[in-house]
Each structure stands twice: as C-alpha cells, then as structure tokens.
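A quick write-up on the structure given underneath.
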Amino acid sequence: MWKVPFALVTVLAHAAQAEPRLSVDSLYHPTRKVSYVEALGSRYLWRPDGTLLEERTQKGALAAINRIQRGTFAPAPLLDRDQLAAALAAAGADAEDQKGAAEAGLTWNAAWDAFVVKGVRDLYLMDLATGKARRLGTGDTPSFSPDGAWVAFLEGPDIHAVELATGKDVAITTGGDATHLNGRLDWVYQEEVFNERGNFKGYWWSPDSRRIAFLSLDESHVPVFTIMDDRTQPQKRVDTHYPKAGDPLPTARVGLATLDGQTTWMEDPFPGQDTLVPRVGFDPSGRLLVHFTDRIQSWLECRVFEGTASRPLVVERSRAWVEHLPLPHFLKDGRFLWQSSRSGFQHLYLYDPQGRLLSTVTQGPWDVRRILGTDAGHVYFEATLRTPVGLDVYRAGFEGVNDHMRLLTEAPGSHSLTFNAAFTAAVDRWSNVDTPPQDLFLDGEGIVLHKVESRTSNAFKALPKAKVLFQQIKARDGFPLETMLVLPPGFDPSKKYPVFHYVYGGPNSPLVRNAYSRTSLWYQFLAQQGIVTWICDNRSASAKGTAAFGAWRNLGALELQDQLDGLAWLKAQGWADMDRVALHGYSYGGFLAAYALTHSKAWKLGIIGAPVTDWRLYDCVYTERYMGLPRDNAAGYDASSTLKAAANLGGKVMLIHGTMDGNVHLQNSVQFLDALGKAGFTAPLVLMPGSDHSPKAAQNQWEMYSGMWDFLKANL
C-alpha cells in the first residue's frame with residue numbers, strides 16, 4: 001500500500017478542494033474564531049397549567065423569557081434583559097450586580113411565575129406578573145419553599161430564609177464557620193458524593209414547606225491543599241479542604257430545622273464508622289429519607305426516619321461498588337420505584353410503601369439511565385435499549401416486566417425530554433453525530449409537531465464533512481466494544497493514514513455516543529488534515545451494567561487490554577499506519593494515556609491532559625470507590641501508578657494542565673515530569689494559566705488545542 005507522508009496529505013487535501021477549511025484559530029482563538037454553530041440557547045419550563053415558558057440566553061447572558069404559544073410555537077415576550085436590568089436597578093442593584101444577574105442561572109418557584117437571581121453580591125426576587133424586583137439579601141444557592149412563601153439561601157456557612165410576605169429574614173442555622181458548614185457542601189461532597197460540579201447546595205425543603213433538612217459537614221480534620229495563583233503580584237493563595245486517598249473524610253450529620261431556627265439532629269445509624277451521605281430528601285408524606293454508604297461504597301442503604309431514629313427502606317450491596325443511586329421515586333399510592341444494577345444492568349423495581357419488593361418493572365441487557373416522571377399508569381425513562389451509543393425515552397406500565405413498553409423518540413441519536421405535568425406534551429433536545437442539537441416539540445405519543453434547529457453559518461454548511469462510522473468490535477474474550485471512526489473526506493482504504501486515538505476510559509463514562517459534541521469540529525479539522533480519529537470505549541467505560549467491575553482495585557490494566565484489542569482491530573483494517581498513532585486523553589483519559597504509554601509500546605505519541613498520575617494523589621471518594629483504601633490495596637495502587645512505571649515510557653509525550661486545577665492537581669503532572677526526568681526522558685508541558693480542571697476560557701482552550709496541534713504536526 002502507498003504510505004502518504006503527513007505533510008503531503010495536508011498539501012494534497014488543500015489543493016484538491018476549494019471548500020472552506022477549518023483551523024485551530026478558526027475553532028478556538030479568542031478573537032479569530034468563527035461561529036460555525038450557535039448553540040441552542042433555550043431552556044424550556046412547563047407551568048402546572050400546561051403553559052410552556054422559554055428561558056433564552058445569548059452568549060451566556062439572559063436574553064428573554066417568553067411564553068411559547070400553543071399551535072404556532074411562536075415566542076410571546078414576558079421579560080427581556082433590558083426590563084430585568086431596569087427592575088433590578090429600581091430594587092437598588094448597581095451595574096455590577098445587574099451584569100452578574102444577567103449571567104447567572106435563574107431559580108424558579110413551583111408556579112414558574114417568579115424567580116430568584118443572584119447578582120455579584122446580592123439575591124433578588126423577580127415577579128413576572130408585576131414586573132418588579134426586590135432585594136432579598138446577600139447570599140447564594142437559593143431555593144423556594146414548595147408553597148412559594150419562603151426563599152432559603154446560603155449566607156457563608158449557614159442557611160437563611162426570607163418570608164416573602166413580610167420580608168422577615170430567619171437564620172435557619174447558626175454556628176457555621178470555615179470548617180463547619182451547615183447546608184453548604186464542601187469540595188469533595190459537591191464533586192464526588194452528590195456529583196453536581198459547581199452546585200454546593202446541601203439543604204432540602206420538606207413538602208409542607210415547614211422544615212428544612214440539611215447536611216452539616218465538619219472538615220476541620222480534612223487536610224488542606226494549597227494552590228498559588230501566580231498571575232498576580234503578590235500571588236493569590238487558594239486553600240481547599242481536599243481529602244486524598246486514605247485521608248480523613250469530612251464528618252457528616254443530618255439536621256432537620258424548623259423555620260424559627262430550631263434544629264433536631266438525626267441519629268447516626270452507623271456510629272463509629274466512616275460513612276458518606278450521598279442523598280437527602282423527603283417522601284410525599286414528609287418522612288425524611290437519607291442514603292448512607294460505607295467509605296469505599298460497597299453498600300448503600302436508603303433509610304427512612306421516624307422522629308430521630310431510622311430504619312432501612314432498601315439496601316444495596318455489591319461485590320465491587322454501588323453507584324450513588326437517586327432517591328426513590330414515589331407514586332401517588334405510596335409505592336415507589338427504585339433503580340438498581342442488581343441484575344447486572346441498571347433497571348427499575350417496584351416496592352410497596354414499607355420497602356417490600358413487588359415486581360421488576362424493566363429487564364434486559366441494557367440500562368435505564370434516568371426516571372423522567374410517572375403518571376397514573378406509566379413510568380417515563382431514558383434508556384439504552386435501542387443502542388448502547390444513543391439515548392432514547394420510553395414509557396412502560398407497572399404491571400409486569402417491560403409492561404406495554406413503548407419507544408417515544410423516533411430519530412436515532414441522543415434525546416433529552418422535558419415533559420409537561422400531564423405527560424401529554426414534551427420538548428426534546430435531540431442531536432446525532434452529524435446534526436447539531438435541535439429542539440423538537442412533541443405530543444404525548446412522541447409525534448414531532450414543531451422543531452427549532454441550531455443556527456449554523458454558511459461557513460459550516462460549506463465545510464466538507466468527514467464520514468463517521470460507529471462499529472461494535474470484539475475484545476479478545478468476546479466482550480463487545482463500542483467504537484467510532486472519523487474518516488477524512490475522500491478516504492481511500494488503499495492508502496495509509498495517521499490516527500488520533502482519543503480516550504477517556506473512566507468507569508461508566510462512555511465517549512462513543514451518537515450525539516453532536518463540542519469536539520465534533522475538532523475531529524472534522526483533523527479529518528481535513530488527513531488524520532483519522534479513533535475512539536474505543538473500553539468495557540469499564542461502556543456504561544453497560546456492571547461491566548466496569550473488572551477494573552475494581554486495579555485501574556488501568558483492563559482498560560489498556562481493551563484499548564490494545566481495539567488497536568489490533570484497527571491494524572487489521574489495513575489502512576491505519578500503526579507507526580503513526582497518537583494517543584490523547586484528559587482527566588481520567590489523561591491517566592489512561594499516561595498508563596498506556598508507560599505500560600506498552602503501541603503508541604508513537606501521547607498527549608496527556610490533566611492526568612491522575614498516582615491514585616494516592618486524587619480525592620478519596622472517587623478513588624476508594626474503585627481502588628479501596630491505600631492501606632488495604634497497596635499493590636493495586638503501585639500497579640496503577642504511572643510514576644512508578646515512568647522508566648518504561650514507550651513513546652514521546654506532551655502534558656497539558658491548568659495552573660488552577662482544583663480537581664486533578666498540577667502536582668500530578670509535576671511529579672510525572674519529575675519521574676520521567678529521573679528516568680532520562682523529557683516532555684513538553686503546556687500550562688493553561690488560570691484554568692481550573694476544565695478549560696472554559698477561550699484563551700485556555702486555544703492554548704490547549706494549539707499546543708496539541710503543534711505537537712501532532714511536529715511528531716506524527
């Protein structure tokens with residue numbers, strides 16, 4: 001076969017076509033990037049009466065709130081950004097608070113006729129009916145009581161609530177300080193326990209609006225990790241209580257407070273044990289529900305409190321780990337639905353109010369991802385039944401397994417539905433790998449009545465489109481691995497092509513998805529340069545039931561084996577130049593890329609982004625879920641460490657890391673570079689000044705992708 005030199009691929013491709021070409025600058029440069037696809041800026045909200053509201057944003061700021069008219073689906077204005085700014089100014093907000101409010105998310109009441117918005121400093125209540133705003137106080141993380149009469153929020157380490165009719169401000173909790181947090185989650189709880197990055201809310205209203213349950217966290221014994229911001233003089237110091245593997249956990253207590261500030265503390269059902277509290281809430285009758293897990297998350301108990309004491313409602317145990325499951329979903333008659341992977345795949349089970357299993361609701365070699373709601377006779381849920389690389393919405397009855405189950409989303413791809421209260425209409429945010437997101441307006445049977453497409457520029461429409469192929473291949477033991485290929489325009493299988501191999505690989509975190517993503521145009525850019533993009537989800541990343549359990553206590557080994565099996569399949573196709581395969585991963589993918597490059601010789605290049613280079617350096621909740629405690633699994637930690645294997649580096653590598661990464665600390669990359677240096681290797685490091693774990697600023701994104709492209713051009 002003819003092997004096409006990389007430089008010649010680029011020249012010939014450019015000469016052979018007059019179509020517009022992508023570049024790193026056109027995709028990512030802060031001032032020179034081109035707007036190829038304008039993201040859908042609408043969030044849709046159903047009022048209890050069936051009215052549909054649209055919360056529209058433009059360039060990260062609120063543009064308007066509209067009512068979507070029945071039949072025509074045309075937006076009717078209710079409030080625009082200028083009216084909001086005027087109302088806030090009348091309420092005393094200065095220009096800085098007005099700007100901050102326009103860029104902040106809105107917190108709505110249950111009737112969807114009023115919302116709270118946070119300025120830079122203060123919280124404001126906006127009433128859509130009157131068009132007037134009022135200041136509530138200084139704080140963050142607001143929420144309305146279910147009856148709409150109160151707004152609670154966090155002021156520092158404590159909870160406050162304002163009675164809207166009188167303006168009375170009540171300190172719901174007191175005594176919080178820098179290491180004792182009431183109602184505010186700390187770093188590891190928001191990131192790993194509640195899995196809601198950036199949401200530090202740790203309090204919940206009771207259904208009758210008379211009580212607030214909250215978590216009280218004591219992190220006085222949790223080690224502090226310090227990051228220095230060197231962009232200024234003097235430097236700025238950022239201290240975070242961050243428990244690494246084996247470190248002390250924050251101690252959690254559950255309190256139940258009344259609106260006069262009186263707290264009753266719930267009894268700890270596991271005194272003397274290291275436990276986590278991953279979910280707190282109420283059932284419809286007002287009983288407090290709390291999930292508890294052990295430190296390494298091998299069991300989970302959903303407990304119901306009666307007074308201050310509790311009893312288990314549902315118990316889950318695992319030979320490896322238990323995911324942080326959602327609270328039970330209650331039906332009007334007191335029965336509830338529970339999600340569990342006990343069958344090997346995540347499915348729904350029906351229980352009576354006392355916690356006795358009544359029936360299996362869904363079953364099969366596929367997963368239920370999320371319950372969207374229930375009506376009198378059905379449950380609506382997201383699932384991977386049609387394909388493991390897409391996401392669809394189904395409806396099923398409660399009487400028997402897969403009772404009258406029906407697919408409600410017709411087009412292949414990835415769907416996310418927002419139903420009205422009666423489940424007679426929905427808005428579906430849909431995309432596939434070739435199609436930017438669309439909003440589809442559906443009736444209750446899934447029939448499309450209207451659609452709104454992403455705005456795409458003429459430059460986007462004129463781009464030569466690479467061909468994307470999804471294929472399922474077999475690992476050496478027959479396990480089906482999901483893969484995705486992005487082939488250059490004019491792909492010729494008789495030629496040889498360099499390959500950009502992208503990985504993530506973390507437990508239950510697939511990359512291969514039939515959905516449009518922010519990296520879609522990056523793959524298209526590489527295709528224009530004559531580079532094939534290859535993505536293969538190792539089994540532990542595939543989110544296929546409990547397939548991830550094979551990685552337990554030995555992260556890296558099974559993932560690498562599956563990736564090598566994927567490369568063997570790629571080699572067998574004949575057109576891949578196996579001497580020019582570059583591996584890239586970020587975060588867990590950075591770990592896997594570093595592990596693969598230090599435990600094999602299969603890749604010529606490695607681009608390692610924000611990697612965990614030794615699991616002793618990452619947070620205890622995520623790490624111990626999969627690796628156990630360091631003292632109990634020292635051999636596993638050593639085997640997965642890229643620091644200890646640095647002398648075995650099998651290809652040329654480059655590292656990328658944000659200087660203010662508070663999640664995977666820069667310490668990981670520095671220690672890896674140090675280990676490489678001691679072994680006689682050097683590697684370039686691209687720093688993204690000021691970037692946290694995910695580079696959001698345009699400057700940081702351009703630094704990352706331009707650094708990657710320069711490295712690929714020079715070495716692939």
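Summary of computed values
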| quantity | calculated |
| --- | --- |
| Test for Phe292: is it surrounded by 15 or more Cβ atoms within 10 Å (Cβ to Cβ), more than 29 Å from Tyr203 (Cβ to Cβ) and within 24 Å of the chain's Cα centre (by Cα) | no |
| Positions within segment 368-383 being in contact (Cβ under 8 Å) with a residue 24 or more places away in the chain, touching a Lys or Arg at 6+ places or on another chain (Cβ under 8 Å) and either crowded, with 22+ Cβ neighbours inside 10 Å or in a strand (DSSP E or B) (or both), in sequence order | His378, Val379, Tyr380, Phe381, Glu382 |
| Residues within segment 244-260 that are part of a loop (DSSP other than H, G, I, E, B) and either surrounded by fewer than 19 Cβ atoms within 10 Å (Cβ to Cβ) or out of contact with any Ser or Thr (no Cβ under 8 Å at 6 or more places or on another chain) (or both), tallied | 7 |
| Filter result for Gly307 (of a type in the set (Gly, Ala, Ser) and not assigned by TED's automatic domain parsing to the domain that holds Val389) | yes |
| Residue count for segment 217-243, restricted to those that are under 23 Å from Tyr622 (Cβ atoms) and part of a strand (DSSP E or B) | 10 |
| Test: residue in segment 535-554 that is in a strand (DSSP E or B) and either at pLDDT below 95 or farther than 19 Å from Gln471 by Cβ (or both) | no |
| Set Ala466, Ala475, Ala527: member being among the small types (Gly, Ala, Ser), assigned by TED's automatic domain parsing to the domain that holds Tyr28 and closer than 21 Å to Ser414 by Cα | Ala466 |
| Inter-residue pairs, beta-carbon under 7 Å, first touching a residue at least 40 places away in the same chain (Cβ under 8 Å) and under 14 Å from Ala93 (Cα atoms) and in segment 129-145, second buried (at least 18 other Cβ atoms within 10 Å of the Cβ) and among the charged types (D, E, K, R), 6+ apart | Arg135/Asp122 |
| Test: Leu687 is out of contact with any strand residue (DSSP E or B) (no Cβ under 9 Å at 6 or more places or on another chain) and outside any helix (DSSP H, G or I) | no |
| Condition met for Glu301 (modelled with pLDDT of 95 or more, exposed (fewer than 14 other Cβ atoms within 10 Å of the Cβ) and among the acidic types (Asp, Glu)) | no |
| Hits in segment 438-459 - residues which are in a strand (DSSP E or B) and more than 26 Å from Thr374 (Cα to Cα) | Val452, Glu453, Arg455, Thr456 |
| Filter result for the condition that a residue is more than 24 Å from Glu624 (Cβ to Cβ), touching a strand residue (DSSP E or B) at 6+ places or on another chain (Cβ under 9 Å) and in contact (Cβ under 8 Å) with a residue 12 or more places away in the chain, over Asp239, Asp218, Asp260 | Asp260 |
| Failed condition for Gly589, given (1) within 27 Å of Val222 (Cβ to Cβ); (2) in contact (Cβ under 8 Å) with a residue 12 or more places away in the chain; (3) assigned to a helix (DSSP H, G or I) | (1) |
| Residues that are surrounded by fewer than 18 Cβ atoms within 10 Å (Cβ to Cβ), modelled with pLDDT of 95 or more and assigned to a loop (DSSP other than H, G, I, E, B), drawn from segment 11-32 | Ser23, His29, Pro30, Thr31, Arg32 |
| Filter result (in contact with a His (Cβ under 9 Å, 6 or more places away or on another chain) and either closer than 14 Å to Ile608 by Cα or among the polar types (S, T, N, Q) (or both)) within segment 666-698 | Leu666, Asn668, Ser669, Val670, Leu685, Val686, Leu687, Met688, Ser691 |
| Single unsatisfied condition, Thr240 versus (1) in contact with a helix residue (DSSP H, G or I) (Cβ under 7 Å, 6 or more places away or on another chain); (2) crowded, with 18+ Cβ neighbours inside 10 Å; (3) not small (Gly, Ala, Ser) | (2) |
| Number of positions in segment 500-558 that are within 24 Å of Gln363 (Cα to Cα), among the aliphatic types (A, V, I, L, M) and without any contact (Cβ under 8 Å) to a residue 24 or more places away in the chain | 0 |
| Qualifying residue in segment 166-174 (condition: closer than 14 Å to Phe214 by Cβ and among the polar types (S, T, N, Q)) | yes |
| Only one of Ala76, Ala61 that is surrounded by fewer than 20 Cβ atoms within 10 Å (Cβ to Cβ) and either in contact with a strand residue (DSSP E or B) (Cβ under 9 Å, 6 or more places away or on another chain) or at positive phi (or both) | Ala76 |
| Selected residue [closer than 24 Å to Leu417 by Cα and surrounded by fewer than 20 Cβ atoms within 10 Å (Cβ to Cβ)] from Arg67, Arg134 | Arg67 |
| Residue count, segment 673-693 (criterion: under 23 Å from Tyr705 (Cα atoms) and either without any contact (Cβ under 8 Å) to a residue 24 or more places away in the chain or over 27 Å from the mean Cα position of the chain (by Cα) (or both)) | 4 |
| Single residue of segment 339-353 satisfying the filter (under 16 Å from Tyr380 (Cβ atoms) and among the hydrophobic types (A, V, I, L, M, F, W, C)) that is surrounded by the most Cβ atoms within 10 Å (Cβ to Cβ) | Leu348 |
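The values are calculated or read from the model by the stated rules, or taken from the named source; none is laboratory data. Computed from a prediction, not measured in an experiment: that's the story for all the values here. No Cβ is skipped: glycine too gets one built from the backbone with ideal geometry, and neighbour counts run over all protein chains shown.
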